[in-house]
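The values are calculated or read from the model by the stated rules, or taken from the named source; none is laboratory data. What you see is a predicted model; the values in this text were computed from it and never measured. Using ideal geometry, Cβ is built from the backbone for each residue, glycine included, and neighbour counts are taken over all protein chains shown. Just the protein is used for accessible areas: all its heavy atoms, side chains included, with ligands, DNA and RNA removed. Shrake-Rupley method; radii C 1.70, N 1.55, O 1.52, S 1.80 Å.
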Amino acid sequence: MGKGGNATTRQAVVPEPTSRKSFETQEWMLINGIQYDVQQFKRKHPGGNVLKYMLGKDATHVYNEFHARSKKADLVLKSLPSRPVSEVPASVAEEMKDKKVEADAALLADYDKLRAELVAEGVFEPNLTHVAYRIAEFIAIFAGTFYLLSKGHFWMGTLAAGYSGGRGGWIQHEGGHLSLTGNTKLDKQLQKFSIGFGLMCAGGMWNHMHFKHHATPQHEGKDMDLDTMPLVAFYKEALTRSPRRKMASAAWVAMQPISYIIFTCSAVTYFWNVYLHPRFVIRTKDFVTPFWWGMRIAFHVAAAGSWMGGLKQLAMSMYFAGIYLFWNFSLSHTHTPIIEESDHVSWVRYAVSHTVNINPSWWCNHWMGYLNCQIEHHLFPTMPQYRQPAITHRVKALAEKHGLKYNTMSYWEACKATWMNLFNVAREAHLLKQPRQKTN
C-alpha cells in the first residue's frame, strides 16, 4: 500500500491530556471522532487560513484528504488540546451536528469504501516514469523556445514559452497536492521549480489560495476562485453582494465575455508576478523560488541578447501563459451553481455537484495537464492525476446511486458553457447600480 492510502486506514489520533481546553467558542473542529481546539493554531497553519472554513464543523474528510501523505500533520494534530467526542457535553454535541452533512452519511460511507478499494488496488501509487516524462517535456519545450527566440522568432517563441510555462503550471499544481512522487519534500521542490521557472510565481502562495478553493468549491465568501471582482463576475449575485462591487463599472462587466480572455487572465498573472507572490516570498523567507525566477530572467536575456529584449519576451510569454492556464481552469467550475456563504455541504457533494468533468481523451488529458477529471481530483486530491480518467465510471456510479448528477461534457461544450456564463452575467451589469445586498 502506498503513502496515498494513509487517509483510509488512518486511526484517530489519540488525544493527550491538556490543562487547557477552551471549547466554549467555535474555535474547534471535529476530526476522526475527536474534537480539537485550534484557537491558537489557526494562525500558524502552514496551509493558510483555509482552516477557518472548517471551524465548528466535522473536518474529517478535508483533513484526511489534504494530509494523506503527511506524518507531520498527525504529529501537529496530536499536540493540540483535544477531547474524544464521547466527552463532549450533550448540549455542545447537539450544536456540532450538521444536518446536511449527516444526511449524506450513507454517501460518505460509500465514498470511504470506494477510496479504500482504490488504495488497495494501488491507484494512489505514484509513477516516477510518468513524472520524469512530464518534467522532460517541460524542459524540452523550453529548449525549443530558446532556439526560436534566439533566432529572432519573437511571436512563435513567446507563444511557445507561454505554453511551456502553462505546462509547468500543471506540474506545480500536482506538486502542491503532493501527488507527483509520493515524497512530500521532493514534490514541494518540484513545485517550486515548475512554478518558479515556468510562471515566475511561488508555490506556497499558490497553495494558500488554491486550497481554499479545493476545500469549498463554488462556496461564496470562501472559494478564492469566486472572489474575482472587480475584474470579472462569474455569478450574478457577485454584482450585488461582492465587497468590491463599487470598484467595478457596469461597462466593464458588460465587456467581460471578451475582456476575460484577452485581458483579465493575463492581468491576474502580472499581478501575481510583480506583487502578490514576491510579497509572499519575502514574508516567508523563501530563498529557493527567487533563484528560479532569476534563472527564467537569465533565460530570456540570453535568448534576446539584451536586458530590455529579454524582459519584453518574458512579459509576452506570461501573457500567453495566463490565458492558457486561467481559461482552462475556468472550464470545470465557473458555470456551476454556487453555495451561499452561510451554507455547508459534505465533501462528496462539494466535488460532485459543483464541479464538471471534461471528457477524457488523449489530447484533452494532455492539453489540460491531466486535470480534466475535476470531480475525481476534488474527491481524491493526492491521487496522481493521470490515473483519474480510469476511475470515472466508478465515481459516476457512486454519484448516481445517491441521486447526484455526475456532470461531464466535451471540451468545446465546456468552453461554450463558460463563455455563456460570462455573457449571461454581463447582461445583468445594471445590478451594480443597486444597493449592496448581504449574503445569506
Looking at segment 182-210, which of its residues are modelled with pLDDT under 95 and not in a helix (DSSP H, G or I)? Gly182, Asn183
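Of the residues that sit in segment 369-386 and are among the aliphatic types (A, V, I, L, M) and surrounded by 23 or more Cβ atoms within 10 Å (Cβ to Cβ), which one is nearest to His177 (Cα to Cα)? Break it down into steps so the answer makes sense when it comes.
Pass one, segment 369-386, residues among the aliphatic types (A, V, I, L, M): 371, 375, 379, 383.
Next, from what is left, pick out any that are surrounded by 23 or more Cβ atoms within 10 Å (Cβ to Cβ): 375, 379, 383.
Numbers: Ile375: 15, Leu379: 12, Met383: 9 Å.
Taking the candidates together, the pick is Met383.
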Taking segment 280-294 as the region of interest, how many residues are within 23 Å of the chain's Cα centre (by Cα) and in a helix (DSSP H, G or I)? 10
Given the conditions (1) more than 23 Å from the chain's Cα centre (by Cα); (2) within 25 Å of Phe193 (Cα to Cα); (3) in contact (Cβ under 8 Å) with a residue 12 or more places away in the chain, report the number of the one that Phe329 does not fulfil. (1)
Kindly list, by first and then second residue, each pair from a residue in segment 290-307 that is within 15 Å of Gly165 (Cβ to Cβ) to a residue that is of a type in the set (A, V, I, L, M, F, W, C) and open to solvent by 60 Å² or more (accessible area, probe 1.4 Å), limited to pairs with Cβ atoms under 6 Å and residues at least 6 apart or on different chains. Ala303/Phe146
Name the pairs whose Cβ atoms lie under 6 Å apart, with the first residue in segment 336-356 and crowded, with 20+ Cβ neighbours inside 10 Å and in a helix (DSSP H, G or I), the second modelled with pLDDT under 95 and not acidic (Asp, Glu), and 6 or more positions between them or separate chains? Trp347/His61; Tyr350/Pro217
Ala68: passes all of (1) outside any helix (DSSP H, G or I); (2) open to solvent by 80 Å² or more (accessible area, probe 1.4 Å) but (2)
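Condition first: open to solvent by less than 20 Å² (accessible area, probe 1.4 Å) and aliphatic (A, V, I, L, M). Can you find one or more residues in segment 207-217 that meet it?
yes
Taking segment 387-440 only, how many residues are open to solvent by less than 50 Å² (accessible area, probe 1.4 Å) and not polar (S, T, N, Q)? Reasoning before the result, please.
Here is the first cut: in segment 387-440, the residues open to solvent by less than 50 Å² (accessible area, probe 1.4 Å) are 388-389, 391-392, 395, 398-399, 404, 406-407, 409-411, 414-415, 417-418, 421-422, 425-426, 429, 431-432, 439.
Filter once more, so that each one left must be not polar (S, T, N, Q): 389, 391, 395, 398-399, 404, 406, 409, 411, 414-415, 417, 422, 425-426, 429, 431-432.
Total satisfying the criteria: 18.
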Would you check which residues across segment 265-283 are of a type in the set (Val, Ile, Thr) and closer than 24 Å to Phe329 by Cβ and list them? Val268, Thr269, Val274, Val281
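If you go through segment 295-315 one residue at a time, how many are in a helix (DSSP H, G or I), over 14 Å from Leu199 (Cβ atoms) and either in contact with a helix residue (DSSP H, G or I) (Cβ under 6 Å, 6 or more places away or on another chain) or open to solvent by 40 Å² or more (accessible area, probe 1.4 Å) (or both)? Walk me through it before giving the result.
First pass over segment 295-315, keeping only residues in a helix (DSSP H, G or I): 295-304, 307-315.
Still in the running and over 14 Å from Leu199 (Cβ atoms): 298, 301-304, 307-313.
Still in the running and either in contact with a helix residue (DSSP H, G or I) (Cβ under 6 Å, 6 or more places away or on another chain) or open to solvent by 40 Å² or more (accessible area, probe 1.4 Å) (or both): 298, 301-304, 307-308, 310-313.
Looking only at that region, the number is 11.
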Screening His130, His173, His153 for residues that are on the phi < 0 side of the Ramachandran plot and buried (at least 22 other Cβ atoms within 10 Å of the Cβ) leaves only His173
